[in-house]
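Here the structure is laid out as structure tokens; the discussion comes afterwards.
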Amino acid sequence: MTKGTKFAWIGKNLWCKRVNKIPPLDLTRQYQQIDAEVERAVLEVLRSGRYIGGAAVAALEEQLAGYIGTSHGIACNSGTDALYLALRAFDIGPGDEVITTPFTFIATSEAIAMAGATPVFIDIDASFNLDVSQVEAAISDRAKAIIPVHLFGRPAAMTQLMEIANRHNLLVIEDCAQATAAEWSGQKVGSIGHVGCFSFFPTKNLGGCGDGGAVTTNDGAIAAKIRMLKEHGMTQRYCHEATGINSRLDALQAVILSIKLQHLDRWNQGRSQVARRYQDLLSAVPGIQLPQAPTEGKAVWNQYTIRIQSQPEENRRDRVRNQLQELGISSMVYYPIPLHLQPVYRDLGYSAGQLPIAEQAAKEVLSLPMFPELSSEEQQQVVYGLKDCLAAE
């Protein structure tokens, strides 16, 4: 050891450079890179007196559409609203079914229910995304759309999915909340389906300093309808053509996101580097399953999610997570209860064992600390700690 360097024991005779407690995400490090630019832009907005809409929001919409590769970008106040507005714009509602994954945040199915439609859940595959091979069996005469979720920053298998959708005249609404800048077959997610829906929640790859969202599309008529619906159903002031909602992005978030968008590729490269280090450090560790990069496309690693392999009745993952927490290493579980088993969907008639891959994943997944600024020393501490916790099992 180098004289004067502080080291910490983390078990089984493993040592690493002592670091502070490791959070799952540290947004303060990202902000330190852009603080002066952001503060200057925010002050300009505050001094302008224009806090909703205006040039700042219009600029972000244009920049986002250009970045994703679509003709239109429409900002709104959350990723949940983005999904809801897309469904409403396509007149999806009561009596309709929307096929989606049970292994995601509830906002995906929540938006379907809010529109009055019924979510139809199909199982996932090893990528944590919906198993495209099961889609056609789930299509009924009530099916109107498919919502694939590009979970953890990994794109779903969009080529096959679009072929199925086109064959059955179904709409594809991409849930890109965790995958801004991910690609499938050379196209960014959000430009492949009929619309793409994005979240700018602070934990996302492109995250604001509050809530925010957007829809991208190449369909001008759908873009216009979303703009109408998100402004209380207005096409002109105080003339309401539909029952809409209030879903506007504020100018403060818009200028912050415009600045962050300029850094997104670099930050995503940092995430990829962190993921590669995890792959190298964990490749020979028994008892876990590592996430794999897509064979056709590019992941952006919103999360680095491993599986702590266990028998059906074990809670091994939870024990390992608790032990990591005692070592100062925070981790997250996305998601402990698949959507088809959530109490709110009891009336849909799903039962335990019906979607076994999603159900087993919910018992095994563990998301390790992941953000571009995570240092190699911190990663070593995470890995050494994880190895020790696994060995103690």
Base-10 log of normalised Debye intensity for the stretch 71-151 (one unit scatterer per alpha-carbon) at q = 0.13 Å⁻¹: -0.39
Rg/Rh for the chain: what does it come to with C-alpha atoms and Rh from Kirkwood? 0.99
Using θ = phi - 60° and the Karplus relation 6.51 cos²θ - 1.76 cosθ + 1.60, list the HN-Hα couplings for the stretch 287-304 in order, rounded to whole Hz, with x at every Gly or Pro. x, 10, 10, 8, x, 10, 5, x, 6, 10, x, 9, 8, 10, 6, 4, 9, 10
Could you go through the stretch 90-95 in sequence order and give the Karplus-derived ³J(HN,Hα) for each residue, using 6.51 cos²θ - 1.76 cosθ + 1.60 with θ = phi - 60°, rounded to whole Hz, and x for Gly and Pro? 8, 6, 8, x, x, x
Sort out for me the Cα centre separation of the stretch 29-90 from the stretch 335-393, rounded to whole Å. 31 Å
Could you give the dipole magnitude of the chain about its Cα centre, charging the beta-carbon of Lys and Arg +1 and that of Asp and Glu -1, in debye to the nearest 20? 1200 debye
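Can you tell me the order of 54-63, 126-135, 261-270 when each peptide is scored by its average per-residue count of other Cβ atoms within 10 angstrom, highest first?
Final packing ranking: 126-135, 54-63, 261-270.
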Name the long-range amide H neighbours of residue 184: under 5 Å, sequence gap of 5 or more, or other chain; modelled H, no Pro or chain starts. 189, 298
All-pairs alpha carbon distance profile, the stretch 32-258, 10 Å steps from 0, percent: 8, 34, 36, 16, 5, 0
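Between beta-carbons, use under 15 Å as the cut-off and find the net charge around residue 261, counting Lys and Arg +1, Asp and Glu -1.
0
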Options 176, 194, 27, ranked by Cα towards positive dipole end of the chain, top entry (Cβ charges): 27
When a footprinting reagent is the concern and you count Cβ atoms within 10 Å, what order do 344, 300 take, fewest first? 344, 300
In the stretch 79-182, trypsin sites (Lys or Arg not before Pro) in a DSSP loop with at most 15 other beta-carbon atoms within 10 Å: 142
In the chain, what is the count of Lys pairs whose alpha carbons are under 12 Å apart, counting only pairs at least 8 residues apart or on separate chains? 4
Positive-end residue of 46, 306, 65, charge dipole of the chain with Cβ unit charges: 46
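Note down the magnitude of the dipole of the stretch 32-258 about its Cα centre, charges +1 on Lys and Arg C-beta and -1 on Asp and Glu C-beta and zero elsewhere, to the nearest 20 debye.
520 debye
Express the C-alpha Rg of the stretch 264-393 as a ratio against the empirical globular expectation 2.2 N^0.38 Å, rounded to two decimals.
1.14
Rule-based calculations on the coordinates, nothing more; no lab input. Values in this document were obtained by computation on a predicted structure and should not be read as measured data. So basically every Cβ, Gly included, is an ideal-geometry build from the backbone, and we count neighbours across all protein chains shown.
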